[in-house]
1. What number of residues in region 43-60 are surrounded by 10 or more Cβ atoms within 10 Å (Cβ to Cβ) and of a type in the set (A, V, I, L, M)?
2. If the Cβ limit is 7 Å and pairs must be 6+ apart or interchain, which residue in region 1-24 that is in a loop (DSSP other than H, G, I, E, B) pairs with which residue that is surrounded by 10 or more Cβ atoms within 10 Å (Cβ to Cβ) and modelled with pLDDT of 95 or more?
3. Would a scan of region 76-83 turn up a residue that is under 30 Å from Q2 (Cα atoms), at pLDDT 85 or above and assigned to a loop (DSSP other than H, G, I, E, B)?
Amino acid sequence: MQRTSNVFARVEPEIKEQAEQILNQLGIPMSNAIGLFLRQIIMQRGIPFDIKLPIRKPAAIGAMNAIELNAELEKGYDDVAAGRVHNLKYRPSD
């Protein structure tokens, strides 16, 4: 058996719990998932997924005051008025 080394990381409890629930459904222990991630870093010679800023940050309604909420709603109304909408049944290719 190969020797192992410890990795200590601080993560938000909610994130850890959500990840554990998914990993449990997959039958993968957290330590194995972390090992897989580290192996992928080595194989990809970097982070194994794109890390990007979102093009447009989604609105967190609960964190907005009334003025900010109204401003976001106005943007939506302006999009509709300008025809910047998509039918859910048909989405043109980008």
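1. Selection size over region 43-60: 2.
2. Final answer for the pair search is V7/I34.
3. So far as region 76-83 goes, no, none of its residues is under 30 Å from Q2 (Cα atoms), at pLDDT 85 or above and assigned to a loop (DSSP other than H, G, I, E, B).
The values are calculated or read from the model by the stated rules, or taken from the named source; none is laboratory data. Being a predicted model, the structure only gives us computed values, none of them experimental. As a convention, Cβ positions derive from the backbone with ideal geometry for all residues, glycine included, and neighbour counts pool all protein chains shown.
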